[in-house]
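Here the structure is laid out as structure tokens; the discussion comes afterwards.
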Amino acid sequence: MRKFETLEAVAAPLDMANTDTDQIIPARFLWRPRSEGYGHLLFNDLRTNQDGSPKPGFVLDRPACKDAGILVGDRNFGCGSSREHAVWALMDAGIGVVIAPSFGDIFFNNSFKNGLLPIVLPEARCAELRAALARNPGARLVVDLQAQTVTGPAGVNDGFGTDHFDVDPFRKQLLLSGLDDISFTLSQQDLIAAFEAKFAAEMPWL
Amino acid sequence: MTTPRTLFEKIWERHTVQVRPDGATLLHVARHLVHDGSRAGFQALTERGLPVRHPERTFGTPDHYVSTASHDLAAITEPYRREMVTALTANAREHGVTLFDLGDRRQGIVHVIGPEQGITQPGLLMVCGDSHTATHGALGALAFGIGASEVSHVLATQTLWQTRPKSMRVAVEGQLGAWVTPKDVILAIIARIGAAGGTGHVIEYAGSAFRAMSMEGRLTVCNMSIEAGARAGMVAPDETTYAYLRGRPYAPQGPMWDRALAFWRGLPSDPGAVFDREVTLSGADIAPMVTWGTSPEDAAPITGDVPDPARAPTAERREAMARALAYMGLEPGTAIAAIPVDRVFIGSCTNSRIEDLRSAAAIARGRKALVPAMVVAGSGLVKAQAEAEGLHTVFLEAGFEWREPGCSMCVGMNGDLVAAGEHCASTSNRNFVGRQGRGARTHLLSPAMAAAAAITGRMTDVRQLMAGAA
């Protein structure tokens, strides 16, 4: 898993509640092998027409945001299908952090497994940040996982500032270390085996 | 005296292997379901040279990529889709996982066959790499969807790290009206609490409407818990549950049945158990529902109108509604019952069980479909049952297609697609932009309402269509 400590990057505002994973990456691309990369397919149907020609106007295609590494979204980001491809597409396109008022649970979990940091900030604050980014295209934010802060560009007030966020301590530790949780869990073999013996005795019909 | 506990808490605690001081909980997975979309999960295992820890607790079936025209592998015309199906066969064989493959009558949509085979049981923690896994909660299991990395983790360790969700009780009290179905109940619940209304929560569905509901109906409701953002949805087991399970192939038999039953009877939430949130709806107030937008929360009664974005409570909601209506090609104020329908899909893990097919057939019987309509049974066994009851004849005579089991037109990845701009009356679970195909306009509704739409070519109040009929 990719290690995450800090990220300073251009942030792009995405004014779209309920951004579902079908929109992040449509189902017809899911058979593609992971090794081929999904970055060019991120938000495909919002960015290209059916004939493959570009559909102008999507925030990540604006010159100021084309190198965005942070996305500030709206309520229920990543809802819907469990496809981990949604996280892969974001990461392959260079997005390392998504900030939103709430996330689809499975997308939220998938993000941590891959080294993408999902940050929950209050709904009103996310709206302020999106507005600030709309006024200051190409503005860079700094995300510090250790300190659990999101900081606006130095010297620019205009709705930015420093925001603190909560993160599950175990997940924070895994992200900071880049440690893979399968290896970690396998180190708990004895505990698991003891539990399984007890469980099997309690429910012998399984 | 022990603290009263909810159904969810009892299952969560029974499967807890370890709680770290920071709150992260390692949970044992009693049953793991895999499908033809689980390739990446197996791949990570292969790359690390790890075995499946408990193949006997892992069950698979191909559903997402299979052709519903024919279950001959050659019917999957694109090699890359065929490879998703054959990879499941190969992985199951390599790791000794039980597989209900193409050609086996037990094959079907993973969330249909789990309960059907008795793999799904009360009190079990179950996962699957699919967001509609909450379906299995209908039997009083704690079941939720996971991503590919988590699938690998479960295959390798039979456990999963989770943070404890909050609990929510959604009660529906009173009797449902004629032709008001479990699908209408869940669409009404989502319209009420919103597509993110259950985020971070496990919902327990309760109240007299659920006690009176069949197992098929409970499966439909729990299936769409994710569309309210909930991690899982569940219904306490009762006599309906036990009657459904008894005698199923993987259900306990003989003396073990009695032991299991004694355990199951202790599962329902204790009197006085506390939920973080409670919502109550009146069953009598629920009408047949139809979605008009691009989120499952965009649902209205068939007697209603397409809402006007200008009257939305916030600017953000106004824009979202306007965007949805533009995509759907609908004008504010249009009667829901005036929306034209170009195509009908009856199937998916939400509504492809025998009761769904009986309900749709009751409408189709002796009538003719005006628009293309397809019926896709949820499993080979559902299909066989429907054929034994003659339902396929009813559908075929009414001009509906009768196809082979699979996820089909719900998911736009197996060849069953809705064309751009077409309005599809669909019994599936998601009306997202592009879900059934690029530019497809999905309207979610019940099997009876879908069949009624097929007959008239527009959204139709099934109660009116059937007024005076038996």
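Some points to look at:
- Residue selected from the range B:390-425 under the condition part of a strand (DSSP E or B) and either within 14 Å of chain A (Cβ to nearest Cβ) or among the charged types (D, E, K, R) (or both), by the criterion surrounded by the most Cβ atoms within 10 Å (Cβ to Cβ): B:Arg403
- Filter pass, B:Glu387 being over 20 Å from the mean Cα position of the chain (by Cα), in a helix (DSSP H, G or I), within 30 Å of B:His35 (Cα to Cα) and at pLDDT 95 or above: yes
Each row is one residue, and each column tells you yes or no for (1) more than 10 Å from chain B (Cβ to nearest Cβ); (2) not in a loop (DSSP other than H, G, I, E, B).
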| position | (1), (2) |
| --- | --- |
| A:Trp31 | no, no |
| A:His40 | yes, yes |
| A:Asp51 | yes, no |
| A:Leu71 | yes, yes |
| A:Asp74 | no, no |
| A:Ser82 | no, no |
| A:Leu90 | yes, yes |
| A:Gly94 | yes, no |
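A quick yes/no check of all residues on (1) surrounded by 24 or more Cβ atoms within 10 Å (Cβ to Cβ); (2) free of Cβ contacts under 8 Å to residues at least 40 places away in the same chain; (3) not in a strand (DSSP E or B):
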{"residue": "B:Phe144", "(1), (2), (3)": "yes, no, no"}
{"residue": "B:Ala156", "(1), (2), (3)": "no, no, yes"}
{"residue": "B:Leu160", "(1), (2), (3)": "yes, no, no"}
{"residue": "B:Trp179", "(1), (2), (3)": "no, no, yes"}
{"residue": "B:Val185", "(1), (2), (3)": "yes, no, yes"}
{"residue": "B:Ile203", "(1), (2), (3)": "yes, yes, no"}
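- Yes/no for B:Glu297 being touching a helix residue (DSSP H, G or I) at 6+ places or on another chain (Cβ under 8 Å), buried (at least 16 other Cβ atoms within 10 Å of the Cβ), within 14 Å of another protein chain (Cβ to nearest Cβ) and assigned to a helix (DSSP H, G or I): no
- Filter pass, B:Thr89 being more than 30 Å from B:Leu267 (Cβ to Cβ) and not in a loop (DSSP other than H, G, I, E, B): yes
- Pair list, Cβ < 8 Å and 6+ apart or interchain, from the range B:1-17 residues that are under 16 Å from B:Val274 (Cα atoms) to residues that are among the aromatic types (Phe, Trp, Tyr) and in a loop (DSSP other than H, G, I, E, B): B:Thr6/B:Phe275
- Qualifying residue in the range B:325-338 (condition: in contact with a Cys (Cβ under 8 Å, 6 or more places away or on another chain), under 18 Å from B:Ala420 (Cα atoms) and outside any loop (DSSP other than H, G, I, E, B)): no
- Matching residues in the range B:22-60 - criterion: being of a type in the set (A, V, I, L, M, F, W, C), part of a loop (DSSP other than H, G, I, E, B) and either at positive phi or within 11 Å of another protein chain (Cβ to nearest Cβ) (or both): B:Ala24, B:Val29, B:Ala30, B:Leu50
- Neighbours by Cβ (under 8 Å, 6+ apart or cross-chain): first from the range A:191-206, at the interface with another protein chain (Cβ under 7 Å from one of its Cβ atoms); second in a helix (DSSP H, G or I) and polar (S, T, N, Q): A:Ile192/A:Thr185; A:Ile192/B:Thr157
- With respect to (1) within 23 Å of B:Leu50 (Cα to Cα); (2) in contact (Cβ under 8 Å) with a residue 60 or more places away in the chain, the lone exception for A:Ala134 is condition (1).
The values are calculated or read from the model by the stated rules, or taken from the named source; none is laboratory data. All values reported here derive from a predicted model rather than from experimental measurement. With ideal geometry, Cβ positions are generated from the backbone for all residues, glycine too; neighbour counts draw on all protein chains shown.
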